[in-house]
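Peer 1: Before I ask anything, here is the structure I am working with.
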Amino acid sequence: MQNRIDQLFAKKQHGVLNIYCTAGFPKLNDTLPVMTALQQHGADLIELGMPFSDPLADGPVIQDSSTKALQNGMSLHTLFTQLAGFRQTIHVPVILMGYFNPVLTYGVEAFCAKCAEVGIDGIIVPDLPMAEYESEYRTVFEKYNLHLIFLVTPETSEERIRKIDSLSKGFLYAVSSSSTTGKDKNMNDQQAYFERLKSLQLSNPVLIGFGIKDKATFDTASAYANGAIIGTAFIKAIEHSQDIDKTVETFISGIIQ
Amino acid sequence: MDIAINTGNSRYQVDKNGYYGRFGGAYIPEMLYPNVHELQTKYLDILSDPSFQQEFEALLKDYVGRPSPLYFAKRLSEKYKAKIYLKREDLNHTGAHKVNNTIGQILLAKRLGKTRIIAETGAGQHGVATATVCALMGLECVVYMGSIDIERQAPNVARMKMLGATVVPATSGSKTLKDATNEAIRDWINNPVDTHYILGTAAGPHPYPDMVARFQSVISEEIKKQLLEKTGSAHPDYVVACIGGGSNAAGAFFHYLDEEEVKLVAVEAGGKGVHSGFSAATTQLGTIGIIHASKTLLMQTSDGQIVEPHSISAGLDYPGIGPMHAHLYESGRAQFLDATDEEALAAGYELSLLEGIIPAMESAHALAKLKDLPLNTDDVVVVCLSGRGDKDLDTYIRNMKK
Ligand SMILES: Cc1ncc(COP(=O)(O)O)c(C=O)c1O
């Protein structure tokens, strides 16, 4: 079967909305209800965070959601149990995002096999370097038809972006500014970088993430790329939600109307 | 003094990809790539530049007070029936070995054109050593420290402030050294251009473990010369050092790594006992994984979550060890022992009474294992006395037998 991420981008090249949520947050068993609501109300892609004790690339909001999820009892084993059978109802592509240590400890091949079994399409591991991926893990990910999605930043050289583009599958994750997640930086300052990315005519679609929080920032990002990723703003929205479905509906309609 | 430059083909030194055996590397997010890559490509050239070496040596001599003495501890030797020498890093300016590394890194930061310095600290020794060199060079200094450690180590917090540093509490996770390190790394991600991160131990992404080990290698370089002068041989039977992340041990072992007749002993913090649930004995309790961007041994749950260690000494309270030490452990080149809180306290009181030297709690862990080594009367033992105990007086006083 063709990877669902590729299917998505074959159909839709503009305004792709990817929403991030930490698994097991705000409550342990909210993972599936959140995913269901995201699909229902128009998210094109779902990025599920695998909580980690030491999320180096994340700002306070996503860190806290991770801590909370771990306190709720979330683990990779529990996550895979929750995800068993989710493909009966959820058809949008789903990506797991998390740090390399839990994956390494789970066993990289066991992890990939489990992802394929439950129906995961892609993986984002920000602290897995390109060289290690290429020499040690690429064949395993490809064997299970999992797309590894790499990050590029405003500081990434053109040569390196091209190399990353050649190793990435699915799409490229363009970090809007050199920062941890959830930093409020002015998107207008980033336009030269977005222009530069666009002019490179990369082989993968590009989604812009970090600092996308509302309709205005989503539209700006979408003007330069195939769409955008929202994380921190969504975590804030559902943190104290009494009614997940309603909260997700309100949140997404505020972005794509 | 020379910063060790030639790795030659040692089995124990870093390889060209930044690994020691299967440990090491740089597991960094892309946002850190420019900073870390810049260091990786430039550090060896900078360190081997004669003018850099000159500046480094001059500061170590006139500012830090090196060479630090190698002191024959007569009464301690009588007690343990061996020839015991103490490498007196406690006599350095700021009171520990940490300053060897911060002097080196601040000179490096200046050559890289950086104007802002960040650091993590546990006990506050590395924070003080960083704040000190920033004052010396007139650079802005921000030190991350776990909010729990800020309470435990008030005098060092005051010192850093007096030296002009900003101390930022790390309130995430377990609020100690590991989290302070996370916060420093996050700061670096957010300040990719003007900031240098002075990491305080032989851990973190390549090239830090190697760079820190080289700056600290002055310890074993001096030991060799001093021991030769005093005993006619540069080779002791044992070199003993405590190990948090592993910088004083790396420095004390460095020039002996390939001289296999010298036994290397690393002492980890056993806490309340290795299997008590309150320990920091990483080689016994740890498994391979990634901590602070290095593939090494670390303490973690079966789900890959990093756990909070325990030690009476804030400087050893770290859930990992540097990759060089993970490799020394796995290859059997160094022997890893652990000393409990109790044993370390007892060794601290003992050195005070026998030699008139109050050691840092960290260094007391190394001393605590003298009783467990199979020593002969002719054996020459060098213990790295990594720091002085001023910062630990509260702990010593609180635990004195009534
Ligand atoms: C006096 C002293 N010794 C040892 C250590 C442990 O660090 P390392 O293992 O890097 O030498 C510290 C850390 O704070 C220290 O202050």
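Peer 1: List every residue pair whose Cβ atoms sit under 6 Å apart, with the two residues 6 or more apart in sequence or on different chains, where the first one lies in region B:111-139 and is outside the structural domain of B:Glu55 (by the TED database) and farther than 15 Å from B:Leu199 by Cβ and the second, anywhere, is buried (at least 17 other Cβ atoms within 10 Å of the Cβ) and not polar (S, T, N, Q).
Peer 2: none
Peer 1: Among the residues of region B:123-141, is any of a type outside the set (Val, Ile, Thr) and within 21 Å of A:Ser53 (Cα to Cα)?
Peer 2: no
Peer 1: Output the residues belonging to region B:252-271 that are closer than 18 Å to B:Leu337 by Cα and under 15 Å from the mean Cα position of the chain (by Cα).
Peer 2: Of everything in region B:252-271, those that are closer than 18 Å to B:Leu337 by Cα and under 15 Å from the mean Cα position of the chain (by Cα) turn out to be B:Ala252, B:Phe253, B:Val265, B:Ala266, B:Val267, B:Glu268, B:Ala269.
Peer 1: Would you pick out the residues in region A:77-104 that are surrounded by fewer than 23 Cβ atoms within 10 Å (Cβ to Cβ) and over 24 Å from A:Leu8 (Cβ atoms)?
Peer 2: Within region A:77-104, A:His77, A:Thr78, A:Thr81, A:Leu104 meet the criteria.
Peer 1: Pick out, from region B:279-375, the helices (runs of 4 or more DSSP H) lying fully within it that include 3 or more residues that are away from the ligand (no atom under 14 Å from the Cβ) and touching a residue at least 40 places away in the same chain (Cβ under 8 Å).
Peer 2: Counting at least 3 such residues, we get B:323-331, B:341-355.
Peer 1: Residues to consider are B:Lys178, B:Lys161; find the one that is within 20 Å of the chain's Cα centre (by Cα) and assigned to a helix (DSSP H, G or I).
Peer 2: The conditions single out B:Lys178.
Peer 1: When only residues in region B:140-170 that are among the charged types (D, E, K, R) and modelled with pLDDT under 95 count, which is nearest to B:Gly200 (Cα to Cα)?
Peer 2: Of everything passing the filter in region B:140-170, B:Asp149 is nearest to B:Gly200 (Cα to Cα).
Peer 1: Which of the numbered conditions does A:Asn145 fail, given that it passes all the others? Conditions: (1) within 14 Å of chain B (Cβ to nearest Cβ); (2) more than 21 Å from A:Val206 (Cβ to Cβ).
Peer 2: (1)
Peer 1: Collect the residues in region A:158-187 that are at pLDDT 95 or above, closer than 18 Å to B:Ile189 by Cβ and small (Gly, Ala, Ser), keeping them in residue-number order.
Peer 2: Across region A:158-187, the qualifying residue is only A:Ala174.
Peer 1: Of all helices (runs of 4 or more DSSP H) completely enclosed by region B:74-138, which ones contain at least 1 residues that are near the ligand (Cβ under 10 Å from one of its atoms) and either closer than 20 Å to B:Ala180 by Cβ or within 14 Å of another protein chain (Cβ to nearest Cβ) (or both)?
Peer 2: Fully inside region B:74-138 and qualifying: B:98-111, B:125-137.
Peer 1: Now a separate question. When the residues of region A:105-125 are filtered to those that are out of contact with any Phe, Trp or Tyr (no Cβ under 7 Å at 6 or more places or on another chain) and within 14 Å of chain B (Cβ to nearest Cβ), which remaining residue is surrounded by the most Cβ atoms within 10 Å (Cβ to Cβ)?
Peer 2: A:Phe111
Peer 1: Something else: Is it fair to say B:Gly200 is within 16 Å of the ligand (Cβ to nearest atom), outside any helix (DSSP H, G or I) and outside the structural domain of B:Gly127 (by the TED database)?
Peer 2: Taking the combined requirement at face value, the residue does not satisfy it.
Peer 1: Same structure, new question: Among the residues of region B:18-37, write down those that are among the aliphatic types (A, V, I, L, M) and either surrounded by fewer than 24 Cβ atoms within 10 Å (Cβ to Cβ) or free of Cβ contacts under 8 Å to residues at least 60 places away in the same chain (or both).
Peer 2: B:Val36
Peer 1: As an exercise: evaluate B:Pro205 against (1) more than 13 Å from the ligand (Cβ to nearest atom); (2) in contact with a strand residue (DSSP E or B) (Cβ under 8 Å, 6 or more places away or on another chain); (3) in contact (Cβ under 8 Å) with a residue 60 or more places away in the chain; (4) away from every other protein chain (no Cβ under 14 Å) and give the number of the one condition it does not meet.
Peer 2: Every condition holds for B:Pro205 apart from (4).
Peer 1: Checking A:Tyr173 against (1) under 24 Å from B:Gly289 (Cα atoms); (2) within 11 Å of another protein chain (Cβ to nearest Cβ); (3) without any contact (Cβ under 8 Å) to a residue 60 or more places away in the chain: exactly one of these is not met. Which one?
Peer 2: With (1) under 24 Å from B:Gly289 (Cα atoms); (2) within 11 Å of another protein chain (Cβ to nearest Cβ); (3) without any contact (Cβ under 8 Å) to a residue 60 or more places away in the chain applied to A:Tyr173, the lone miss is (1).
Peer 1: Has region B:393-401 got at least one residue that is in contact (Cβ under 8 Å) with a residue 24 or more places away in the chain and among the acidic types (Asp, Glu)?
Peer 2: No, because not a single residue in region B:393-401 is in contact (Cβ under 8 Å) with a residue 24 or more places away in the chain and among the acidic types (Asp, Glu).
Peer 1: Condition first: within 11 Å of the ligand (Cβ to nearest atom) and not hydrophobic (A, V, I, L, M, F, W, C). Now tell me which residues in region B:237-253 satisfy that.
Peer 2: Those that are within 11 Å of the ligand (Cβ to nearest atom) and not hydrophobic (A, V, I, L, M, F, W, C): B:Gly244, B:Gly245, B:Gly246, B:Ser247, B:Asn248, B:Gly251.
Peer 1: Given the condition more than 16 Å from the ligand (Cβ to nearest atom), within 25 Å of A:Thr181 (Cβ to Cβ) and within 14 Å of chain A (Cβ to nearest Cβ), answer yes or no: does some residue in region B:151-166 qualify?
Peer 2: No, region B:151-166 has no match at all.
Peer 1: So is B:Lys230 more than 14 Å from the ligand (Cβ to nearest atom) and either charged (D, E, K, R) or surrounded by fewer than 19 Cβ atoms within 10 Å (Cβ to Cβ) (or both) or not?
Peer 2: Considered against the rule, which asks whether it is more than 14 Å from the ligand (Cβ to nearest atom) and either charged (D, E, K, R) or surrounded by fewer than 19 Cβ atoms within 10 Å (Cβ to Cβ) (or both), B:Lys230 comes out as yes.
Peer 1: Also, I was wondering about something else. Of the residues that make up region A:92-101, is at least one more than 16 Å from the chain's Cα centre (by Cα) and within 10 Å of chain B (Cβ to nearest Cβ)?
Peer 2: yes
Peer 1: Here is a follow-up. Based on this model, can you work out whether B:Arg398 counts as more than 12 Å from the ligand (Cβ to nearest atom) and surrounded by fewer than 17 Cβ atoms within 10 Å (Cβ to Cβ)?
Peer 2: Criteria met by B:Arg398.
Peer 1: Among the residues of region B:283-291, is any more than 14 Å from every other protein chain (Cβ to nearest Cβ) and under 15 Å from B:Val383 (Cα atoms)?
Peer 2: No, region B:283-291 has no match at all.
Peer 1: OK, next. Condition first: surrounded by fewer than 21 Cβ atoms within 10 Å (Cβ to Cβ) and more than 12 Å from B:Ala266 (Cα to Cα). Now tell me which residues in region B:311-342 satisfy that.
Peer 2: Across region B:311-342, the qualifying residues are B:Glu330, B:Ser331, B:Glu342.
Peer 1: Of all the residues that make up region B:119-145, how many are farther than 21 Å from B:Leu393 by Cβ and either within 17 Å of the chain's Cα centre (by Cα) or surrounded by 24 or more Cβ atoms within 10 Å (Cβ to Cβ) (or both)?
Peer 2: Total satisfying the criteria: 8.
Peer 1: Ok, one more. Just the residues that are under 25 Å from A:Gln257 (Cα atoms) and part of a loop (DSSP other than H, G, I, E, B), please, taken from region A:27-68.
Peer 2: Once the filter is applied, which keeps residues that are under 25 Å from A:Gln257 (Cα atoms) and part of a loop (DSSP other than H, G, I, E, B), region A:27-68 yields A:His41, A:Gly42, A:Ala43, A:Asp44.
Peer 1: Looking for something of a type in the set (S, T, N, Q) and touching a residue at least 40 places away in the same chain (Cβ under 8 Å) - is there at least one such residue anywhere in region A:129-138?
Peer 2: no
The values are calculated or read from the model by the stated rules, or taken from the named source; none is laboratory data. As the structure is a computational prediction, the values presented were derived from the model and not from experiment. For neighbour counting, all protein chains shown are included, and Cβ atoms are generated from backbone atoms with ideal geometry for every residue, glycine included.
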